[in-house]
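Participant: My structure is below; once you've seen it, I'll send some questions.
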Amino acid sequence: MPADDAMTHALDYADRWLAYRRWRLRVPGVQVAVRIGGELVLERAHGLADEATREPLTTGHRFRIASHSKSLAAIAAMRLVDEGALRLDDAVGALVPALAGTDAAALTVRELLSHGSGATRDGDDVAFWQLADDFPDADRLLAIATAGVRRLDASAEFKYSNIGFGLLGLAVEAVTGEPYARALERLVLAPLGLEATSADIEGASAPLATGHSALHSSDERAPLGSPSSRALAAATGAVSTAAELSDALRVVVDADDRLLSATARRRMRQRQWSTTGRDGAVAGYGLGLMLREVDGRTWHGHGGAWTGQATRTLVDAERDVVVSVLANAIDAPAEELAVGVARIVQAALEPAAEPDEAELELARSFEGSFASIWGRLDVVELGGRLLGIAPTAPDPLAAVDVLSPRGEDRVVIEAATGMGSGHEEAVAERDATGRVQRWRGAWHMHAVEPVPGEAAG
């Protein structure tokens, strides 16, 4: 089975799975990009850019990528480290004289990059995150520093801090003698040719995806504003597309030497802190990079939560694989969606079986989306195995039926989930073209076309 065929097949299913999940979760729009070996192998958009106007979402729509900004800021800082203009153990007060006499002055670049500074997350007044006030400008950021940013001793524990990355932005400005947005453009965006990416909303060109509120207290989503992040641009301000974001974060992989030295890339990926993800997965943080395990492998990257948007990027640095998922609802499970796509891609990268051409053709002839009053099932070949996948589940491969074809009209459910129909037969009924339209036996399900969510994409 040609490797490129297996991956193309897996990516096609990943896109269909994502389209269905978007529809089921009532997320207005989702944008996805996958890069393998630097090649953009999947770039799609599903749903709406704006629920009120019904504007379709395209791959060209920009998103506020929020805390992905930290990875971009870290790449810029590590370029300065490579050039000898900055050191990881530099105290930020030595770079930014205005911080002299504050408890922020002794914090090091490394501590800011790793969220080990002990600094306050957002300050004592976070009304800007509720769109009730402007984000801090440089004067207000310095006022927060003057009032005291430390909440615990530096290097004592992991403590996520937008203010810390705001201070890092000031350090980059001091070292380069440029406004942060211009420094990021020169150090990162321009060399990579990222024309749709900018440090903040002021540098973004239309079209922009509209952010939407959560469904926690209403059946309708309200559009949310997208203000300038001002002095917190290095922490949360950036704008990009899934395709460009996947290219930007690819610079930390082993095979990509476009911007950073091998040492800088390893330093960024090195675990500084161990944490646990919200889903209980093993996680951690490096220098401007989140770490999490997927099927026993460590993926790097970052997530972002903005007013009305949720985003996640996963990077397999060894295999040079990047997955970016951007969604325009504040409660969209971007992490879950990105991990789901990553798991499907990983199934093709690490096949569980190697069927011959005839076996593969037979297995794929059973594929389709099916439903009954009891639920929904996707029958799809992944990694050399024919699988029954419940697309209603948040993780596509957490619990699957493994199917073994027995001729052209039936499969045996070799391994079933939970209280499923293990070791039973499901009999396929095909139409005149050979496409499976109905299952009998262990399943009583009918084909569903099109898959909900696909038409909207």
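The values are calculated or read from the model by the stated rules, or taken from the named source; none is laboratory data. As the structure is a prediction and not an experimental result, all values here were calculated from the model. Using ideal geometry, Cβ is built from the backbone for each residue, glycine included, and neighbour counts are taken over all protein chains shown. To get the accessible areas, we keep the full protein, side chains included, count just its heavy atoms, and leave off ligands, DNA and RNA. Shrake-Rupley method; radii C 1.70, N 1.55, O 1.52, S 1.80 Å.
Participant: Are any residues in the stretch 95-108 over 14 Å from Arg150 (Cα atoms) and open to solvent by 20 Å² or more (accessible area, probe 1.4 Å), and if so, which ones? Full working, then the answer.
Facilitator: Our first condition is that a residue be over 14 Å from Arg150 (Cα atoms); within the stretch 95-108, this holds for 95-98, 100.
Once the filter is applied, which keeps residues that are over 14 Å from Arg150 (Cα atoms) and open to solvent by 20 Å² or more (accessible area, probe 1.4 Å), the stretch 95-108 yields Leu95, Pro97, Ala98, Ala100.
Participant: Within the stretch 170-194, which residues are part of a loop (DSSP other than H, G, I, E, B) and touching a residue at least 24 places away in the same chain (Cβ under 8 Å)? It would help to see each step written out before you state the result.
Facilitator: Residues of the stretch 170-194 that are part of a loop (DSSP other than H, G, I, E, B), as a first pass: 177-179, 193-194.
Within the stretch 170-194, Leu194 is the sole residue that qualifies.
Participant: Got a sec? Which of Val32, Val92 is modelled with pLDDT of 95 or more, farther than 21 Å from Val323 by Cα and crowded, with 18+ Cβ neighbours inside 10 Å? Walk me through it before giving the result.
Facilitator: Details: Val32 fails: farther than 21 Å from Val323 by Cα.
Going through Val32, Val92 in turn, just one is modelled with pLDDT of 95 or more, farther than 21 Å from Val323 by Cα and crowded, with 18+ Cβ neighbours inside 10 Å: Val92.
Participant: Restrict the check to the stretch 74-91 and report whether at least one residue is acidic (Asp, Glu) and part of a helix (DSSP H, G or I). Reasoning before the result, please.
Facilitator: Restricting attention to the stretch 74-91, the residues satisfying the condition of being acidic (Asp, Glu) are 82-83, 89-90.
If we keep only those that are part of a helix (DSSP H, G or I) as well, we get 82-83.
Yes, the stretch 74-91 contains at least one residue that is acidic (Asp, Glu) and part of a helix (DSSP H, G or I).
Participant: For the stretch 23-73, which positions are in a helix (DSSP H, G or I) and either over 26 Å from Val188 (Cα atoms) or polar (S, T, N, Q) (or both)? Break it down stepwise before answering.
Facilitator: Quick first cut of the stretch 23-73, residues in a helix (DSSP H, G or I) only: 23-25, 68-73.
Across the stretch 23-73, the qualifying residues are Trp23, Arg24, Leu25, Ser69, Ser71.
Participant: Right, next: Going by the conditions given, is Glu424 farther than 21 Å from Tyr20 by Cα and open to solvent by 70 Å² or more (accessible area, probe 1.4 Å)? Break it down into steps so the answer makes sense when it comes.
Facilitator: Working: farther than 21 Å from Tyr20 by Cα: yes; open to solvent by 70 Å² or more (accessible area, probe 1.4 Å): yes.
Here the answer is yes, as Glu424 does meet what is asked.
Participant: Sort out which residues of the stretch 191-206 are touching an Asp or Glu at 6+ places or on another chain (Cβ under 9 Å), at pLDDT 95 or above, at negative phi and not aliphatic (A, V, I, L, M), and write them in order of number.
Facilitator: So in the stretch 191-206, the residues touching an Asp or Glu at 6+ places or on another chain (Cβ under 9 Å) come out as 192-199, 203, 205.
After this cut, where a residue has to be at pLDDT 95 or above as well, the list is 192-199.
Next, only the ones that are at negative phi stay: 192, 194-199.
Residues satisfying the conditions are Glu195, Thr197, Ser198.
Yes or no, residue by residue, for (1) part of a helix (DSSP H, G or I); (2) closer than 28 Å to Val341 by Cα; (3) open to solvent by 40 Å² or more (accessible area, probe 1.4 Å); (4) touching a residue at least 24 places away in the same chain (Cβ under 8 Å):
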{"position": "Leu168", "(1), (2), (3), (4)": "yes, no, no, yes"}
{"position": "His216", "(1), (2), (3), (4)": "no, yes, yes, yes"}
{"position": "Ser228", "(1), (2), (3), (4)": "no, no, no, yes"}
{"position": "Leu245", "(1), (2), (3), (4)": "yes, yes, no, yes"}
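Participant: Please indicate, with yes or no, whether at least one residue in the stretch 149-162 is assigned to a helix (DSSP H, G or I) and either hydrophobic (A, V, I, L, M, F, W, C) or in contact with a Ser or Thr (Cβ under 7 Å, 6 or more places away or on another chain) (or both). Don't jump to the end; show me each part of the working.
Facilitator: Here is the first cut: in the stretch 149-162, the residues assigned to a helix (DSSP H, G or I) are 162.
Those still in the list that are either hydrophobic (A, V, I, L, M, F, W, C) or in contact with a Ser or Thr (Cβ under 7 Å, 6 or more places away or on another chain) (or both) too: 162.
Yes, that holds for at least one residue.
Participant: Let me ask something else. Is it the case that the stretch 261-279 has a residue that's open to solvent by less than 10 Å² (accessible area, probe 1.4 Å) and within 25 Å of Ala399 (Cβ to Cβ)? Talk me through it step by step, then tell me what you get.
Facilitator: From the stretch 261-279, those open to solvent by less than 10 Å² (accessible area, probe 1.4 Å) are 264, 268; that's our starting set.
Cutting the leftovers down to within 25 Å of Ala399 (Cβ to Cβ) gives us none.
Checking the stretch 261-279: not a single residue is open to solvent by less than 10 Å² (accessible area, probe 1.4 Å) and within 25 Å of Ala399 (Cβ to Cβ).
Participant: Tell me which residues, restricted to the stretch 325-371, are within 16 Å of Arg24 (Cα to Cα) and polar (S, T, N, Q).
Facilitator: Matches in the stretch 325-371: Asn328, Ser369.
Participant: I'd like the residue in the stretch 376-401 that is of a type in the set (Val, Ile, Thr) and modelled with pLDDT under 95 and, out of all such residues, is least open to solvent (accessible area, probe 1.4 Å). Explain how you work it out, then say what you get.
Facilitator: Filtering the stretch 376-401 down to residues of a type in the set (Val, Ile, Thr) leaves 379-380, 389, 392, 400.
Cutting the leftovers down to modelled with pLDDT under 95 gives us 392, 400.
Details: Thr392: 53, Val400: 26 Å².
The qualifying residue least open to solvent (accessible area, probe 1.4 Å) is Val400.
Participant: Does Ala255 fit the bill of being assigned to a strand (DSSP E or B), out of contact with any Phe, Trp or Tyr (no Cβ under 7 Å at 6 or more places or on another chain), hydrophobic (A, V, I, L, M, F, W, C) and surrounded by fewer than 23 Cβ atoms within 10 Å (Cβ to Cβ)? Even if it seems obvious, please write down each step before you answer.
Facilitator: Numbers: assigned to a strand (DSSP E or B): no; out of contact with any Phe, Trp or Tyr (no Cβ under 7 Å at 6 or more places or on another chain): yes; hydrophobic (A, V, I, L, M, F, W, C): yes; surrounded by fewer than 23 Cβ atoms within 10 Å (Cβ to Cβ): yes.
Taking the combined requirement at face value, the residue does not satisfy it.
Participant: Give just the number: which of (1) over 27 Å from the mean Cα position of the chain (by Cα); (2) aliphatic (A, V, I, L, M); (3) buried (at least 20 other Cβ atoms within 10 Å of the Cβ) does Ala119 not satisfy?
Facilitator: (1)
To keep it simple, each residue is scored yes or no on (1) among the small types (Gly, Ala, Ser); (2) part of a strand (DSSP E or B); (3) within 15 Å of Ala371 (Cα to Cα).
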| site | (1), (2), (3) |
| --- | --- |
| His423 | no, no, no |
| Glu429 | no, yes, yes |
| Ala432 | yes, no, no |
| Gln437 | no, yes, yes |
| His446 | no, yes, yes |
| Glu449 | no, no, yes |
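Participant: If you check every pair at least six apart or on different chains, which have Cβ atoms under 7 Å apart with a residue in the stretch 2-17 that is over 13 Å from Val323 (Cβ atoms) first and a residue that is of a type in the set (D, E, K, R) and at pLDDT below 95 second?
Facilitator: Short answer, once both residue conditions are applied: Arg16/Glu454.
Participant: Which ones in the stretch 1-29 are of a type in the set (A, V, I, L, M), open to solvent by 20 Å² or more (accessible area, probe 1.4 Å) and within 24 Å of Ala310 (Cα to Cα)?
Facilitator: Leu25
Participant: Are there any pairs with C-beta distances below 6 angstrom linking a residue in the stretch 137-151 that is within 15 Å of Pro179 (Cβ to Cβ) to a residue that is crowded, with 17+ Cβ neighbours inside 10 Å, with the two at least 6 apart or on different chains, and if so which?
Facilitator: Asp137/Arg230; Asp137/Ala231; Ala138/Ala231; Leu141/Gly166; Leu141/Ala231
Participant: In this structure, is Val149 among the β-branched types (Val, Ile, Thr) and either under 27 Å from the mean Cα position of the chain (by Cα) or open to solvent by 20 Å² or more (accessible area, probe 1.4 Å) (or both)?
Facilitator: On the way: among the β-branched types (Val, Ile, Thr): yes; either under 27 Å from the mean Cα position of the chain (by Cα) or open to solvent by 20 Å² or more (accessible area, probe 1.4 Å) (or both): no.
Taking the combined requirement at face value, the residue does not satisfy it.
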